[in-house]
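J.: Pasting a structure here, questions to come.
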Number of protein chains: 2
Amino acid sequence: MALTGDIVIGSERLSGRAATFRAVDPATGAALEPAFAFAGEAEVARACALAEDAFDAYRDTTPEARAAFLEAIGDEIMALGDALIERACAESGLPRARIEGERGRTVGQLKLFAGVVRAGNWLDLRVDTALPERKPLARSDLRQRHIALGPVAVFGASNFPLAFSVAGGDTASALAAGCPVVVKGHPAHPGTGELVGEAVRKAVASQGLPAGTFTLLLGANETGAALVRDPRIKAVGFTGSRGGGLALVALAAARPEPIPVYAEMSSVNPVYLMPGALAARAEALGKAFVGSLTMGAGQFCTNPGLVLALAGPDLDRFVGAAATAMQDYAPPAMLTPGIHAAYEAGRKALAGNGRVRCVAEGKVGEGANRGTGALFVAEAADFLADEALSHEVFGASSLVVRCRDIEELVRVTRKLEGQLTATLHLEPSDADLARRLVPVLEVKAGRILANGWPTGVEVSHAMVHGGPFPATSDGRSTSVGSLAIRRFLRPVCYQDLPAELLPEALRDAALAGLPHMMDGKAVLPG
Amino acid sequence: MALTGDIVIGSERLSGRAATFRAVDPATGAALEPAFAFAGEAEVARACALAEDAFDAYRDTTPEARAAFLEAIGDEIMALGDALIERACAESGLPRARIEGERGRTVGQLKLFAGVVRAGNWLDLRVDTALPERKPLARSDLRQRHIALGPVAVFGASNFPLAFSVAGGDTASALAAGCPVVVKGHPAHPGTGELVGEAVRKAVASQGLPAGTFTLLLGANETGAALVRDPRIKAVGFTGSRGGGLALVALAAARPEPIPVYAEMSSVNPVYLMPGALAARAEALGKAFVGSLTMGAGQFCTNPGLVLALAGPDLDRFVGAAATAMQDYAPPAMLTPGIHAAYEAGRKALAGNGRVRCVAEGKVGEGANRGTGALFVAEAADFLADEALSHEVFGASSLVVRCRDIEELVRVTRKLEGQLTATLHLEPSDADLARRLVPVLEVKAGRILANGWPTGVEVSHAMVHGGPFPATSDGRSTSVGSLAIRRFLRPVCYQDLPAELLPEALRDAALAGLPHMMDGKAVLPG
């Protein structure tokens, strides 16, 4: 199927609009056909009106119908075949294996949420039975469920053109919750977006859902701002830069009706090398660290941008091995010219900062948009003295901070901003220090991992891809894993409603087949 | 025990500070001894520093220890005996039976959260087991729990000097979650606050908890602003006016690190009189309605300030019966001179609005701060034309809106702001209309009730005392009932952590005794 660059809202295809921009193949700098049209305020308003129209019917679908819809989206994405893989590779500069893996993750994510919708825990059903004889006051029959918030705006991310984009985690979890979705696609991969958007629209049609259940728009920042300001939008999902996320948070807070924004923004993901681990395997850690740091040109939210350890010969061995590995790193193209330019500016600012020294640079890449990898070292006192050193440099650059003693290591940790992850490399002999660090890290990060690297994010039930501000704008949530559905729900209580007016799930017959709380006691079906 | 009016922070009693104000007995207008000192920025900073110091130790308490603490608070409140009842009556103008009932509710609420803490559902424990053989990538062991957000600021409400104040629902749920609490007590009942604050401090001491676990401060608006701005505060609970709530929301959003604000602000709590119900019992409904409207001088968040019905003889009968009941209403004192003045201003604005007519006034009260009850009627078209008619008048004033037909009734409903409650009075013959209204009401209100009155709010598991903006600032939550604990929690994931570093609840032995999710499947203990 040929890409059109058209704006499609519901069942209306707006052909012939001024097509204003083309995607760029970051590996070559070449523009890719076709040209794509940007949506303006009128198109945003139309999409939001359709989403609002769709809301009641869509949220009223049965769990089975909604699960089947999510699975149908996955099937339609797979049916796009190689056209999707090739376009995503061309637009992102990412290799085929990575894009194929990401497609699997995206489809798996949709299936995970189909299972979540069917299992029904997300409804958080609760019943307090009537106590008509209670003194001094009778108790009513009270029944609670969670319902969808309303239409959700999703901003696609550049760095996962499938898994965090048009039909990514935010879209999948919002649709699972019963919320229509209006996506502002990332301009880094408009063709990939059009293909996936078409797949979602096909699933909407084949499942007989209202056309306004899903809309994909492209546009400039003003388009995104109009979307967040639209009174019909009730929540926002975003993955991207801190500047972009904070702008959306401010827009949402300034609305007459403020709405929640789930913005996943920035994180340097501190990695702690404990003394025992460094003594046992400094060189292996150094090499593996650079593998994690440079994976995908370092363009992961969970990229290890900060390493903390006690100064000494073992840390020197780690730095030496990491430097050697870094020198061998031949960079692929970064995702966009803008990301590449921001990376180089960040790397050069660090290189020019008198408080840090550059211990290794990667190879200078051949071709457009190659970001030269870099490894820096600083003393903890200098790190504490200069806030700029704690900011994320999105790409394959990392800073090793040398601490004089454990007190200083803890002090640096307490000063860190909120993070998506914190990693401990440790041996059994490090347990006492680790026990001291874990409670500090818990209040700083959404995920704490041991003897691994933060760049793998499992899509599962226990995952948390979130964390205190400014890792995200709302640390009470996760954007990956089944708990992400909770972001788009709110509780409603029904008091003494006749059974025929109760939502299906809260009637006695349905309750028996669903997990619920009865008078404060958890009950499982069967 | 004698009231002192002192500021107490942790174990420090700041005697001799300038004592700037006295409580007023609203029933007489007389000032009550002693004078109370206002905390300034320095005291706020000190309380927040102590709360932060207490945070790690407090959140690390066992569920049993935390539950025992909540129960001990309840015991200490009961041990205050009649001194508490008498002071609360004097400061609020509320009758003894009401205050005794509210004390029971407050202590019961603390016990409810003790049970919630012990049961452990709030931890939302989840485990995804390691899959070392999985291809292409092994899966790590992932374990999730919820932890406390950090120190919480609670603003006591004027209208429930016990249940929504110093040791009320916000404080109980935040303490249950593991958050230290700094309360800004409401200046309407400083003596009641001091007594309850002392009870909480005794429980803190007897349970061996850090002194910063709880602080009560009094102060002006600037004191509250300093509290919300303090970087150590991580969430805010508030019940009060829309103006006050929105000011806190704006302050919290403007912080370098924005934090959640759970402000319960305003609601007119629409009551729908369905045709069948009106036909069957218009007079009884009219009388019962005025009973709910005037209860506690109308000073409930869930007070029925708006009635919607189809115009016609049955509605006329309802209005006639309500008018008769209203004329008999002899008002008690309202809570404060300020609330009384605001009520009279609101009532007079309605009386002077050409779009409404006053069909009944209550008796003119004898003594200070008596708010004359009032019943108004307007046509739906006029209601739709003037937004002022939909605003809350806090007190015993309500507006009956006459709709020409069902379409207009639905149109008015769709235009309503977010509400705490919506009430349906119906007969079986009204089922079709009710079925049409319930989905509209679900997106407008936190609780939908049938054939009752919204002014009773059960403290239980299925209750929702919340609702879309501007009923609250965050419709994803409730401030009453066991779900309120979730407001003060965030998820953390532990990946491949050695068992000895895992939080106790996530180790295999403890998991067996707690509700949890294992590989996506809910599991109950035993």
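Every number in this text was worked out from the coordinates using simple rules, so none of it is lab data. A quick note: this is a predicted structure, and the numbers were derived from the prediction, not measured. Ideal geometry is used to build each Cβ from the backbone, glycine not excepted, and the neighbour counts take in all protein chains shown.
J.: Taking the Cα centre of chain B as origin and charging only Cβ (+1 Lys, Arg; -1 Asp, Glu), how large is the dipole, in debye to the nearest 20?
T.: Values: 51 positive and 57 negative charges, 127 e Å.
It comes to approximately 620 debye.
J.: When only alpha-carbon atoms are used, what values of Rg and Dmax, in angstrom, describe chain A?
T.: 24.7, 81
J.: Would you mind ranking B:511, A:483, B:489 by Cβ crowding within 10 Å, fewest neighbours first? Write down the numbers at each step before the final one.
T.: On the way: B:511 19, A:483 27, B:489 23.
Final ranking by Cβ density, sparse to dense: B:511, B:489, A:483.
J.: Can you tell me what the convex hull of the Cα atoms of the protein assembly as shown projects to on average, as an area in nm²? Walk me through the numbers on the way to the answer.
T.: Working: hull surface 162.4 nm².
About 40.6 nm², averaged over all directions.
J.: Continuing with the same structure: Which angle from 0 to 90°, rounded to the nearest 10, does the C-alpha axis of helix B:96-119 make with the longest principal axis of chain B?
T.: That works out to roughly 40 degrees.
J.: Moving on. Rounded to the nearest whole Å³, what is the per residue volume of the convex hull around the Cα atoms of segment B:28-138? Let's see the in-between values first.
T.: Working: hull volume 22.7 nm³, N = 111.
Convex hull of Cα atoms, per residue: 204 Å³.
J.: Arrange the following residues from fewest to most other Cβ atoms within 10 Å of their Cβ: A:455, A:324.
T.: Neighbour counts put them in this order, fewest first: A:324, A:455.
J.: Put a label point 7 Å from Cα along the Cβ direction on residue A:49, then list its distances to the equivalent points in the other copies in nm, shortest first.
T.: 5.9
J.: Would you mind giving the average projected area, over all directions, of the Cα convex hull of segment A:424-526 in nm² with one decimal? List each step's numbers first, then the result.
T.: Numbers: hull surface 41.2 nm².
The number I arrive at for segment A:424-526 is 10.3 nm².
J.: What is the percent of Cα-Cα separations in segment A:270-450 that go past 19 Å?
T.: Values: 8851 of 16290 pairs.
Taking all Cα-Cα pairs of segment A:270-450, the fraction more than 19 Å apart is 54 percent.
J.: Something else about it: When we measure straight from the Cα of residue A:234, which aspartates and glutamates land under 16 angstrom away, once same-chain ones fewer than 8 places off are left out?
T.: A:52, A:53, A:56, A:170, A:257, A:474, B:417, B:442, B:474
J.: Using the number of other C-beta atoms within 10 angstrom as an exposure proxy, rank B:326, A:517 with the fewest first. Could you put the intermediate results ahead of the total?
T.: Details: B:326 27, A:517 20.
Fewest-to-most ranking of B:326, A:517: A:517, B:326.
J.: Test of understanding: given chain A, find the longest segment containing no GluC sites (Glu not before Pro) that are in a DSSP loop and have at most 11 other Cβ atoms within 10 Å. Before the final figure, lay out each step's value.
T.: On the way: sites that count: A:133, A:366.
Excluding the exposed sites themselves, the longest stretch runs over A:134-365.
J.: Give the cross-link partners of residue A:135 among the aspartates and glutamates, using a straight C-alpha distance below 17 Å as the criterion and excluding same-chain residues fewer than 8 apart.
T.: Within the straight-line limit of under 17 Å, residue A:135 reaches these aspartates and glutamates: B:100, B:102, B:458.
J.: If you don't mind, there's one more thing I want to ask. Give the Kirkwood hydrodynamic radius (Å, one decimal) of segment A:293-379, defined as one over the mean of 1/r across all pairs of different Cα atoms. Walk me through the intermediate numbers first.
T.: On the way: mean 1/r = 0.0733 Å⁻¹.
One decimal place: 13.6 Å for the Kirkwood radius.
J.: Would you give the gap between the C-alpha center of segment B:431-500 and the C-alpha center of segment B:332-386, rounded to a whole Å?
T.: 31 Å
J.: Out of all Cα-Cα pairs in segment A:239-324, roughly what percent, to the nearest whole number, are more than 22 Å apart?
T.: On the way: 1623 of 3655 pairs.
Summing the P(r) of segment A:239-324 above 22 Å gives 44 percent of all pairs.
J.: Can you tell me the orientation of helix A:82-92 relative to chain A, as the angle in degrees between its alpha-carbon axis and the longest Cα principal axis, to the nearest 10?
T.: Once rounded, one gets 50 degrees.
J.: If you average the alpha carbon positions of segment B:131-204 and of segment B:66-106, how far apart do those two centres end up, in angstrom?
T.: The distance from the Cα centre of segment B:131-204 to that of segment B:66-106 comes to 19 Å.
J.: I've got another one for you. On a 0 to 90° scale, report how tilted helix B:41-59 is relative to the longest principal axis of chain B, with both axes built from alpha carbons and the result rounded to the nearest 10.
T.: Between helix and principal axis, roughly 60 degrees.
J.: How far is residue A:220 from itself in the other copies, in nm, if each label sits 7 Å out from Cα along the Cα-Cβ line, shortest first?
T.: Reported distances to equivalent positions: 4.7 nm.
J.: Near the axis that takes chain B to chain A, which B residue has its beta carbon closest, and at how many Å?
T.: Nearest to the symmetry axis by Cβ: B:253, 2.
J.: Let me ask another. Just from the alpha-carbon atoms, what are the Rg and Dmax of segment B:444-493 in angstroms?
T.: Computed over the Cα atoms of segment B:444-493, radius of gyration and Dmax are 12.2, 45 Å.
J.: Tell me the net charge near residue A:463. Cut-off is 11 Å between Cβ atoms, residue A:463 excluded, with +1 for each Lys or Arg and -1 for each Asp or Glu.
T.: +2
J.: With charges only on Cβ, +1 for K and R and -1 for D and E, what is the dipole size of segment A:270-450 about its Cα centre, in debye, rounded to 20?
T.: Working: 18 positive and 20 negative charges, 36 e Å.
Around 180 debye, computed over segment A:270-450.
J.: Determine the dipole magnitude for the protein assembly as shown: charges of +1 sit on the beta-carbon of Lys and Arg, -1 on that of Asp and Glu, nothing else is charged, the reference point is the Cα centre, and the result goes in debye to the nearest 20.
T.: Details: 102 positive and 114 negative charges, 1 e Å.
For the protein assembly as shown, the charge dipole is close to 0 debye.
J.: How much of the DSSP beta bridge set in the protein assembly as shown is antiparallel, as a percent to the nearest 5? It would help to have the intermediate numbers written out before the result.
T.: Numbers: 60 of 150 bridges.
Within the protein assembly as shown, antiparallel bridges account for around 40 percent of the total.
J.: Need one number: % antiparallel among DSSP beta bridges in segment B:270-450, to the nearest 5. Don't jump to the answer; show the numbers that get you there.
T.: Values: 6 of 29 bridges.
Antiparallel bridges make up about 20 percent of those DSSP assigns within segment B:270-450.
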